[in-house]
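Peer 1: Please see the structure below; I have some questions.
The values are calculated or read from the model by the stated rules, or taken from the named source; none is laboratory data. Source: prediction; values computed, not measured. All Cβ positions, glycine included, derive from the backbone under ideal geometry; neighbour counts span all protein chains shown. To get the accessible areas, we keep the full protein, side chains included, count just its heavy atoms, and leave off ligands, DNA and RNA. Shrake-Rupley method; radii C 1.70, N 1.55, O 1.52, S 1.80 Å.
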Amino acid sequence: MGLGKKMADFIDARLGIRDILEQNLTKYLLPRNINAWYTLGAVLLTLFTVQIATGILLLIYYNPNTDEAFRSVQRIMNEVPFGWLIRTIHAVGSNIIVLALLLHMLSVLFMGSYKRPRELTWVAGFLLLLLSLGMCLTGYLLPWSQLSFWATTVATNSSQELPMIGDAAVRFLRGGAMVGQPTLGRFFALHVMGFPLLFGMLVLFHLFCVRRVGISRPPFGHDWQAPPPSTTFRHEEHPGGIPFFPHYVAKDAAIIAFFLALLLGVVFFAPGLFFPPAAFEPADPFVTPPGIKPEWYFLWAYQTLKLLPSEFLGLAVQGVAVTLLLLLPFLDRSPERRPSRRPLFVSAYVLGVALFVALSVWGHYS
Amino acid sequence: MEVSSRRKFLVLSLSTLGALVAGVAAYPLFRYLSPQPTGGEKGRVNIPRAQVGAGQAHFFQFRGHPAVVLQSAPGVFAAFSAICTHLGCIIRWLPENGEFLCPCHAGRFAGDGKVLGGPPPKPLQAIPVALSGDNLLVG
């Protein structure tokens, strides 16, 4: 008997690891008609792992001080061996993550997987999306470039339109009247500790919900029917389904490989895609560069604020849209999940996606 | 092909691929984490002679490590690494005793670097020093 087998037997006799693995891998059955969109959760877990690893590596050389931050990032890019690779993966990775998050949300919406009994899974997932955007926003300031400085100035300034507390909110967010060292300090703390801790807890809760409630069956095929309403807990089983391992893990691995290829493709062949010229100049609080714009995933909000007659109205519209999405499972209570039987929802869905894309493109070229 | 040999082939192929990917990822990581050359690691240090009075010691950075230059008698200069040979603490100069003391475990060194007492196993590492006009050239 080999040493590895002996050690595995030793651990198994005490902790029953093989049983846990069996229950969660080979005996964990998924619906037979499960599709590739269900892999996006595993894709996101992988991408977030890459972000955490590269983020820790960047912390070794990054200096969160307004006098040093830009220089330390330049040093990472130009002097530290492979620093450019670590930093570019981190910066591009954040964009790929937002893309995967949006696709994950859109697929869940389209297949109605947010519906009872998965309301809490949806709420946790949507909060994860908001937290991720928060991490993007706080991380954007850290290089202390002209782009960082002015994008953060504009982003924090929009809170000024909040009734009664506008000015105080802006000062609180910035830690002072203007973006400066206090802003960098609090954004750094949030980016590397505050948000990731909350994020980790929410991810665990999200995964717990997914596993506890069971994977939802895709609402396609002639034999699909809504589960009977139940007031007690019921784990959704899929007798006769495909095992998670190795069948679905292989599909997970293929889609993860696709996203990693996309990430590395941008890193190696279009590294400047997410770095406009203002990202290469140190922050200057006295000179606003022309045409400063937020990242692509905030362009819809940017354009909404420009189009509506007052910034308050713009913020209110955005707030309502986000709240509606967060509370969607509690508003849309019909058990029907088949897109073909939900024409009103699908129309709103298509219009919503089209509006998001149109506002983003308009914001980009305006 | 039998199922077991097909499985073996798959495991071997995936393990090889995994090892290759791990190797490709490990090299940049190793280089990223390796100490960076700080510059001047082979250079000499110029110290104004006036900074080192007779019977006095002057501490400075030499090739990334603490070092000390001493004028033990008028015009007699000696330079040493300031790292105690026992466990790596930094020695200090006691002008009243004319000797170096390591504050960690009371190792004592003479002005020429030799061990006078305590646990240090060997003398302080000497560094060449030369007088050049009003400057001391160390290294």
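Okay, residues lined up against (1) away from chain A (no Cβ under 14 Å); (2) at pLDDT 90 or above; (3) within 21 Å of B:GLY133 (Cβ to Cβ):
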{"residue": "B:GLN36", "(1), (2), (3)": "no, no, no"}
{"residue": "B:ALA57", "(1), (2), (3)": "yes, yes, no"}
{"residue": "B:ALA73", "(1), (2), (3)": "yes, no, yes"}
{"residue": "B:ILE83", "(1), (2), (3)": "yes, yes, no"}
{"residue": "B:LEU87", "(1), (2), (3)": "yes, yes, no"}
{"residue": "B:ILE91", "(1), (2), (3)": "yes, yes, no"}
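Peer 1: Being out of contact with any Pro (no Cβ under 9 Å at 6 or more places or on another chain) and modelled with pLDDT of 95 or more is true for just one of A:LEU202, A:LEU184. Which residue is that?
Peer 2: Answer to the selection: A:LEU202.
Peer 1: Then there is this: Within the bounds of the stretch A:53-63, is there any residue that is more than 14 Å from chain B (Cβ to nearest Cβ) and either outside any loop (DSSP other than H, G, I, E, B) or open to solvent by less than 50 Å² (accessible area, probe 1.4 Å) (or both)?
Peer 2: no
Peer 1: Which numbered condition in (1) surrounded by 11 or more Cβ atoms within 10 Å (Cβ to Cβ); (2) part of a helix (DSSP H, G or I) is the only one that A:ILE215 fails?
Peer 2: Unmet condition: (2).
Peer 1: Further question on the same structure: Step by step: first the residues of the stretch A:71-88, then only those that are open to solvent by less than 30 Å² (accessible area, probe 1.4 Å) and more than 10 Å from chain B (Cβ to nearest Cβ), then the one that is farthest from A:ALA283 (Cα to Cα). Which residue is that?
Peer 2: The selected residue is A:THR88.
Peer 1: Among the residues of the stretch A:236-258, which ones are in contact with a Pro (Cβ under 9 Å, 6 or more places away or on another chain), of a type outside the set (D, E, K, R) and assigned to a loop (DSSP other than H, G, I, E, B)?
Peer 2: Those that are in contact with a Pro (Cβ under 9 Å, 6 or more places away or on another chain), of a type outside the set (D, E, K, R) and assigned to a loop (DSSP other than H, G, I, E, B): A:HIS238, A:GLY241.
Peer 1: So for the stretch A:111-125 (the condition being over 18 Å from the mean Cα position of the chain (by Cα), of a type in the set (A, V, I, L, M, F, W, C) and at pLDDT 95 or above), does at least one residue qualify?
Peer 2: Yes, that holds for at least one residue.
Peer 1: I've got another one for you. Among A:THR26, A:THR49, which is within 14 Å of chain B (Cβ to nearest Cβ), under 24 Å from A:TYR248 (Cβ atoms) and exposed (fewer than 15 other Cβ atoms within 10 Å of the Cβ)?
Peer 2: A:THR49
Peer 1: Any idea which of (1) assigned to a helix (DSSP H, G or I); (2) of a type outside the set (A, V, I, L, M); (3) within 30 Å of A:SER107 (Cα to Cα); (4) open to solvent by 50 Å² or more (accessible area, probe 1.4 Å) is the one A:PHE10 doesn't satisfy?
Peer 2: It fails just one condition, (3).
Peer 1: Quick check on the stretch A:238-247. Is at least one of its residues touching a Ser or Thr at 6+ places or on another chain (Cβ under 6 Å) and among the aromatic types (Phe, Trp, Tyr)?
Peer 2: Yes: one or more hits.
Peer 1: Report, ordered by the first and then the second residue, all pairs with beta carbons closer than 9 Å, sequence separation of six or more or different chains, a first member in the stretch B:54-69 that is more than 15 Å from B:LEU124 (Cα to Cα) and aliphatic (A, V, I, L, M), and a second member that is assigned to a loop (DSSP other than H, G, I, E, B) and open to solvent by 30 Å² or more (accessible area, probe 1.4 Å).
Peer 2: Hits for this filter: B:ALA54/B:PRO74; B:ALA54/B:GLY75.
Peer 1: Just the residues that are assigned to a loop (DSSP other than H, G, I, E, B) and open to solvent by 40 Å² or more (accessible area, probe 1.4 Å), please, taken from the stretch A:275-293.
Peer 2: Hits for the stretch A:275-293 are A:PRO276, A:GLU281, A:ASP284, A:PRO285, A:PHE286, A:VAL287, A:THR288, A:PRO290, A:GLY291, A:LYS293.
Peer 1: Please pick out the residue among B:LEU116, B:LEU101 that is part of a strand (DSSP E or B), more than 18 Å from the chain's Cα centre (by Cα), at pLDDT 95 or above and surrounded by fewer than 18 Cβ atoms within 10 Å (Cβ to Cβ).
Peer 2: Of the residues listed, the single one that is part of a strand (DSSP E or B), more than 18 Å from the chain's Cα centre (by Cα), at pLDDT 95 or above and surrounded by fewer than 18 Cβ atoms within 10 Å (Cβ to Cβ) is B:LEU116.
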